[in-house]
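Have a look at the structure below before the remarks.
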Amino acid sequence: MEEKTSLDKFNNFSEWFRTVITDIDLIDTRYPIKGCYVWRPYGFKLRKYVLDIIRRLLDNTGHEEVLFPLLIPEDIFSLEREHIKGFEGEVYWVTHGGLRRLEKRLVLRPTSETAMYSMFKKWIHSHADLPIKVYQIVNIFRYETKATKPLIRVREITTFKEAHTVHTTAEEAEKQIKEAIEIYSKFFDELGIPYIISRRPDFDKFAGAVYSIAFDTLMPDGRTMQIGTVHNLGQNFAKAFEITYEDIDGKHQFAHQTCYGISERVIAAVVAIHGDNRGAIFLPTIAPIQVVIVPIIYKGEEEKVVEACKKVFDALKYDGIRVFLDERDISPGRKFYDWEFRGVPIRIEIGPKDVANNQVTIVRRDTMERTTCSLDEMKDVIKKLFTEIEENLRKRAWEEFRKRIFRVNSLREVKEIVQNRRGIALIPWCENDECGLKIREEVEGEVLGVVLSKGIADVTGNEVCPICKKQTKKLAAIAKTY
Ligand code: 5CA
Ligand code: ZN
């Protein structure tokens, strides 16, 4: 392996990110279709552990997993007017079956509202059939026209978790939106990904939604990335798809719907946010390998050391820890370097002195601190370190995030922050689309929307919108975006 001396996460993030995700074998970017990437075993494991978390959170809140077809017939895809308008420029069409031209074209799902809702209509008859809360984790296709970027803007989204819910009343749907925000907050908290929650301006909402709420994180280059969205669909799709239920009085009513989704951007975020100039740093909860054992071998003492390493390996494995014993015939220094680069949270070194003292040497990846402990204490020490590493990474990430949020009052300041990629600017906003568009134009950045997160910045109610000068209690978050 060649040395990666040039890694510089904050000054050259793009290079850092490309090098890390490809050279630690998360994904292979050489597949011969633009925007399509290959998950390699190390990356696939990381992906699996991340998905385990969101699955658990959804399953524990009454969501059920389903699986719908990838293909959607054109007529069904076109039923909701705004939805088709928003997506028609982005879909892949299937026009042929073998040599025959299809009478009805098919689209590869760019998201599954239309696929699911045509079936929901058949599933729902009475109020007793509601609510429905389902999700699927699938690949979807979007013919993105902006520059593609592995994990961040892809054309085959391989890791699309979409949840869809149906309710009797607007209030129930509104409650579901709150639950979804809570689920995503917990999910990102578990991953130590900092976020700001905002309501997207109308001009930037999901095609077919009444309103959209988004989670944005901040990448090391000062640009924000949308890592999750929650949409209130109102009755828009219910009307287009005739999703009705009979209420208690026997009257037919249109249902109310919500949907919320995340993608492999979440994995891009965990890699980007926690890593450093030595490479990736994985939280123990999602690390493909949690502990690596490196034998420190001196001539004549090989056997004792190897034997001790194998014992430690067995003990940890027995405890359900994802452990790897590196017996490659290369120097320990090379191995240290390699596993640090790959983000393994804990390294155990065992040399002749450790064997003689019945101890191991432990190095944690996040702070590079070194300790020794007896074999008896080892498991407890490791479990405690797992928690400490997780807490430290989360704390570090939030501190960095907060440092890059600026509460300002003038568009000049917003522009300076956005142009120099310093982070997220917060400025009062009346929430009017016209003012939002003017702000966007003047500062040459994106209006993420009205800030909904608590504790990000205080408002007194005496703020004024910089465009129309109306009083407001709302702040807009503005940034350069991915
Ligand atoms: N049906 C709704 C909710 S499931 C939906 O499709 N929403 S979305 O369009 O906002 O997508 C959900 C999330 O997928 C986004 O918040 C974003 O994090 C991610 N995403 C969207 N497009 C891409 C893309 N081209 N590459 C990677 N991730 C993407
Ligand atoms: Zn205004």
For the Cα atoms of the chain, what angle does the longest principal axis make with the long axis of helix 332-341, in degrees from 0 to 90, nearest 10? 10 degrees
For the chain, report the accessible area per residue in Å² (1.4 Å probe, heavy atoms, rounded to an integer). 46 Å²
FRET efficiency, 1/(1 + (r/R0)^6) with R0 41 Å, evaluated for Ser410 and Arg105 via beta carbons: 0.20
Measure off 7 Å from each Cα along the Cα-to-Cβ vector at Arg278 and Leu70, then give the distance between these two points in nanometres to one decimal. 4.1 nm
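Can you order the peptides 156-162, 171-177 by their average number of other Cβ atoms within 10 Å per residue, highest first? Each step should come with its number before you reach the end.
On the way: 156-162: 19.9, 171-177: 16.6.
Result, highest mean first: 156-162, 171-177.
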Inter-label distance, nm, simple model (7 Å from Cα along the C-beta direction), Asp314/Glu246: 6.7 nm
Accessible area of Glu441, 1.4 Å probe, to the nearest 10 Å²? 150 Å²
Pull up the cross-link candidates among the lysines for Lys251, meaning alpha carbon to alpha carbon under 30 Å and not fewer than 8 places away within one chain. Lys121, Lys122, Lys133, Lys175, Lys178, Lys239
Quick shape check on segment 406-479: root eigenvalues a ≥ b ≥ c of the Cα gyration tensor, a/c under 1.5 is rounded, otherwise prolate if a/b tops b/c, else oblate, and it reads oblate
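Quick one, can you get me the convex hull of the C-alpha atoms of segment 13-274 expressed as volume per residue in Å³? Walk me through the numbers before you get to the answer.
Values: hull volume 35.3 nm³, N = 262.
Expressed per residue, the convex hull around the Cα atoms of segment 13-274 is 135 Å³.
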Using only Cα atoms and rounding to the nearest 10 degrees, what angle (0 to 90) does helix 378-403 make with the longest principal axis of the chain? 50 degrees
On Cα atoms only, tilt of 13-23 relative to the major axis of the chain in degrees: 60 degrees
Which value, in Å² rounded to 10, gives the accessible area of Arg421 with a 1.4 Å probe and all protein chains present? 100 Å²
Roughly to the nearest percent, how much of the accessible area of segment 26-77 is carbon and sulfur, given a 1.4 Å probe? 58 percent
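So which chymotrypsin sites (Phe, Trp or Tyr not before Pro) in segment 244-313 end up in coil per DSSP with only 11 or fewer other C-beta atoms within 10 Å? Walk me through the numbers before you get to the answer.
Numbers: sites: Tyr245, Phe254, Tyr260, Phe282, Tyr298, Phe313; in loops: Phe282, Tyr298.
Hits after loop and neighbour filter: Tyr298.
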Gain upon complete extension [Glu399, Lys239; 0.36 nm per residue less C-alpha separation]: 53.0 nm
Using all alpha carbons of the chain, what is the percent of pairwise distances in each 20 Å bin, ordered from the shortest bin to the longest? 21, 48, 26, 5, 0
Value of relative contact order over segment 13-274, rounded to a whole percent, pairs C-alpha under 8 Å and six or more apart: 19 percent
At 222 nm, what helix-only mean residue ellipticity would the chain give, in deg cm²/dmol to the nearest 500, using -39500 (n - 2.57) for each DSSP H run of four or more? -11000 deg cm²/dmol
If you look at just the Cα atoms of segment 258-396, how large are its Rg and its Dmax in Å? 16.1, 67
Apply the Karplus curve 6.51 cos²θ - 1.76 cosθ + 1.60, θ = phi - 60°, to the phi angles in segment 462-470 and return the couplings in whole Hz, x for Gly and Pro. 9, 5, 10, 5, x, 9, 9, 6, 6
Where the accessible area of segment 181-332 is counted over protein heavy atoms with a 1.4 Å probe, how much of it, in %, is carbon and sulfur? 48 percent
Quick check: at a probe of 1.4 Å, how many percent of the accessible area of segment 336-409 sits on carbon and sulfur atoms? 49 percent
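Quick one: length gained pulling Gln471 to Asn420 fully straight, 0.36 nm per residue minus the C-alpha distance?
Numbers: separation 51, 0.36 × 51 = 18.36 nm, distance 2.88 nm.
Result for the pair: 15.5 nm of gain on full extension.
The values are calculated or read from the model by the stated rules, or taken from the named source; none is laboratory data. Since this is a predicted model, take the numbers as computed values, not measurements. Cβ coordinates were reconstructed from backbone atoms using ideal geometry, including for glycine residues, and neighbour counts include every protein chain displayed. These accessible areas exclude ligands, DNA and RNA; they are computed on the full protein's heavy atoms, side chains included. Shrake-Rupley method; radii C 1.70, N 1.55, O 1.52, S 1.80 Å.
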